[in-house]
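Participant: The structure is given below, and queries will be raised subsequently.
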Amino acid sequence: MPAFRQVGEKQLPQEVVFMAWSPKRDLIALANRAGEVLLHRLANFQRVWSLPPNENTGKEVTALAWRPDGKILAFGLTDTKRIILCDVEKPESLHSFSVDLSITYMHWMEVTEESSVLTSFYNAEDESNLLLPKLPALPKNYSTTAKIFSEEKSDEIMKLLGDVRLNALVLGGSSGFIEIYAYGMFKIATVTGVAGSCRGLCLSSDLKSLSVITEVQDSSDSEAEITYFQASKLDTSLLSSYLPEVTRMARKFTHISTLLQYIKLSLTCMCEAWEEILMQMDSRLTKFVQEKNTTTSVQDEFMQLLLWGKASLELQALLMNQLTVKGLKKLGQSIESSYSSIQKLVISHLQSGSEALLYHLSELKGMALWKQKYESLGLDASGIEEAITAVGSFILKANELLQVIDSSMKNFKAFFRWLYVAMLRMSEDHVLPELNKMTQKDITFVADFLTEHFNEAPELYNRKGKYFNVERVGQYLKDEDDDLVSPPNTEGNQWFNFLKNSTHLKESPLLFPYYPEKSLHFVKRQMEGVIDQCLQKPADVIGKSVHQAVCVSLYKTSQSKDSTPQLFKLPFLWNDKTSNIHYVLFTMLENSISKIYILRRPTDTSRSVSNGILAVEFGNFLNSMNGSSDSRCYSCLDAHFYDDETVTVVLKESMEQEGKERVLAQLPLSSVYTDEDQDRELVWDSTKRLDEQSGEIPTHTVFLENQWRVLENMKAQYVSVNGIRKVSCVLSSNLRHVRVFEMDVEDDGEAEEEEEEETT
């Protein structure tokens, strides 16, 4: 009976470029060349969902990583330089952010360090849940971007934030780009000083060591060199000793990041609630100005209709033929419906989100003022104060929009009512008595509206291609740097006059600055910029504390025209959490045999665990089983750590012939590392690459006993494993044929037998 039980096999339509097992469930995520991200279940390799590529996110996936709790999948896109966090339940983006360079690798780890301070923080209830009202769910009838906060998914914020225990998404990219994101959302470190394009990353669970593998290419025609860096001192005094403070700070950052997204989506809903039909009045009046032959202004034409009840033939044609009675009613209903929707969104969503943002920023400011704890991490109280001020300015602008909506609704209601009656009279239709009543106050109100809104503005035509700006709400929702076309009139405002004349109050930090000339979108962008800037400083400070302890040149890559994705190619990094050791797996050719090399380094340089490197070659265990004395060896095609004690490998015969099968095998580290290795430790020559010293590296020849399986009728090349779920997925060299295996079959069988005995 062969080891490992096959549970699924599939031929896929697209070439797979990356695969990653969920740490908690029997799910595997795949990314293919078409830019599609797919989720498959272990059983029969059944597809759960697929997320097709689109213009907003991107089309070229270059990295995948699961959050340690298995509830969120992150993937990086090189064409848009974006990172997307996706819900495991549905193919929906929960959060996304941009990075400066293309991402080539990502690693998501959980901090396992324990302390009494951390435990009390983990167990304490978040005060913001007690003090702040729950954010209202966004309406479902707007765009898909708002799905994350829609009514069905009102707990999505908590799903996005995840467990309180700190986890970190480490991103590696081209040109030595490395960034660390707390909870996968907010940047807490920007690491500098690493050369080359990142091929592997591993941050130890105690935050003391960051290992990086990069590919350095001196010139376009030369072979690239694979280099191993170990930043063994990720300034322990910062990220390790200050772990409770880092966790609290990162938690605040993620709250702030989520609220900024909520405000952004609320504003998106408001923009969708505003309709283009509301611009109809402006465009019709502009056309009227361009086509009319008289010298009378539009304002005077409407004034004559208001005062004398008579309209010129041209105005009659505009009202009866272009606007029409039916069109006027529709326009009035659209304005009322649109304005009331925007008003609700401002009051219930925009203001709630902004107030919650003020709360979290104020708490962050309090933390920054505790200099003994947080000054070393780069938290700057003055920068946070500026962010609070920017949020205050945004709230002021939102209140201004509410006032404009309120006055516009009153103005339009009175204007449309009067114009509707006037148009009915022109068409000699019956006018209902209740509509016919118009007091002197109503006439004055309409006259004021015409005076203010119906002035021809030639300079406006040069800017916006129209002579009028009757509709005043849309200008607040335009994402432009231009000033408002019709800013609010502050003349005669007693508060403004008082501020203007008071030299002391004018510069007071207690008053939020007000931008009467700017749109709501502009003030929102300004607020986001200030908040990002104030929260960027800790990332810079923590990043600069990372010191490079070790740099080892491993080997030169062969310049083959192989189109295999970089994502599959070794080297592979692994962090042993129990003994805090980083392992690096890579292969090098020697006498046409591809040996696997295991480089071992402790994450803490003060520990007594030795650095070591071993080469492993595989004896001809297949033929030895058949009684043959053939001495041919096996080459290693791919290798991944299954768990802390086992490496899963894909092998092929070094003298491969047609019909020879490939082998999936488990390599126990206990069979590789023996006491003799302490005496045979390699004395590294730092001036040479490791492949130039390969003759001095101790080599073990391993003959596997029963932990292997021949992969019939499959040109296997790559493997992805999950030791927690005890599964593996093998991919063929054409990147389209997959087979899925359960690895610990015998144990499961024994367990089932025991259960049967107990039940009987």
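The values are calculated or read from the model by the stated rules, or taken from the named source; none is laboratory data. What you see is a predicted model, and the numbers here were worked out from it, not measured in a lab. Don't worry about glycine lacking a Cβ; one is built from the backbone with ideal geometry, like all the others, and counts go over all protein chains shown. Heads up: the accessible areas ignore ligands, DNA and RNA and are worked out on the full protein's heavy atoms, side chains in. Shrake-Rupley method; radii C 1.70, N 1.55, O 1.52, S 1.80 Å.
Participant: In bins 10 Å wide, starting from 0, what share of all Cα pairs of region 472-515 does each bin hold, as a percent?
Facilitator: P(r) over region 472-515, rounded to whole percents: 22, 38, 33, 6.
Participant: To the nearest 20 Debye, how big is the dipole of region 243-481 about its Cα centre, given +1 on the beta carbon of each Lys and Arg and -1 on that of each Asp and Glu?
Facilitator: Magnitude of the dipole: close to 460 debye.
Participant: Could you tell me the calculated FRET efficiency between T557 and K81, based on Cβ-Cβ distance and R0 = 22 angstrom, to the nearest 0.05?
Facilitator: Computed FRET efficiency for T557 and K81 comes out at 0.30.
Participant: Round to the nearest 0.05 the FRET efficiency obtained for N493 and H547 when R0 = 56 Å and r is the Cβ-Cβ distance.
Facilitator: Efficiency, from the Cβ-Cβ distance: 0.45.
Participant: Something else about it: Excluding F121 itself, what net charge comes from residues whose Cβ is under 9 Å from its Cβ, given Lys and Arg +1 and Asp and Glu -1?
Facilitator: Charge balance in the 9 Å sphere: +2.
Participant: Shape of region 243-481 from its Cα gyration tensor (a ≥ b ≥ c, root eigenvalues): rounded if a/c is under 1.5, otherwise prolate when a/b > b/c, or oblate?
Facilitator: Verdict is prolate for region 243-481.
Participant: Using 0.36 nm times the number of residues separating S175 and D482, minus their current alpha carbon distance, what extension gain do you get?
Facilitator: 106.8 nm
Participant: On average, how much accessible surface per residue is there in region 243-481, in Å², for a 1.4 Å probe, leaving out ligands, DNA and RNA?
Facilitator: 45
Participant: Let me ask you something else. Applying the Karplus parametrisation 6.51 cos²θ - 1.76 cosθ + 1.60 with θ = phi - 60° to the phi angles of region 390-401, what ³J(HN,Hα) value in whole Hz is obtained for each residue in order, glycine and proline being reported as x?
Facilitator: 5, 5, x, 5, 5, 5, 4, 5, 5, 5, 4, 4
Participant: Kindly state, to the nearest 0.05, the FRET efficiency for K134 paired with T701, given R0 = 56 Å and r defined as their beta-carbon distance.
Facilitator: Computed FRET efficiency for K134 and T701: 0.30.
Participant: Near E301, within a Cβ-to-Cβ distance under 12 Å, what is the net charge of the other residues, with Lys and Arg +1 and Asp and Glu -1?
Facilitator: -1
Participant: Using a 7 Å offset from the Cα along the Cα-to-Cβ direction at both T503 and N44, what is the distance between the two label points in nm, to one decimal?
Facilitator: Simple spin-label model gives 8.4 nm for this pair.
Participant: Oh, and also: Roughly how many percent of the accessible protein surface of region 243-481 is carbon and sulfur, given a 1.4 Å probe and a whole-percent answer?
Facilitator: On region 243-481, the fraction of accessible area on carbon and sulfur atoms equals 51 percent.
Participant: Explain nothing, just compute: Karplus ³J(HN,Hα) = 6.51 cos²θ - 1.76 cosθ + 1.60, θ = phi - 60°, for every residue of region 491-500 in order, whole Hz, x for Gly and Pro.
Facilitator: Values, residue by residue: 5, x, 6, 4, 5, 4, 5, 5, 5, 4 Hz.
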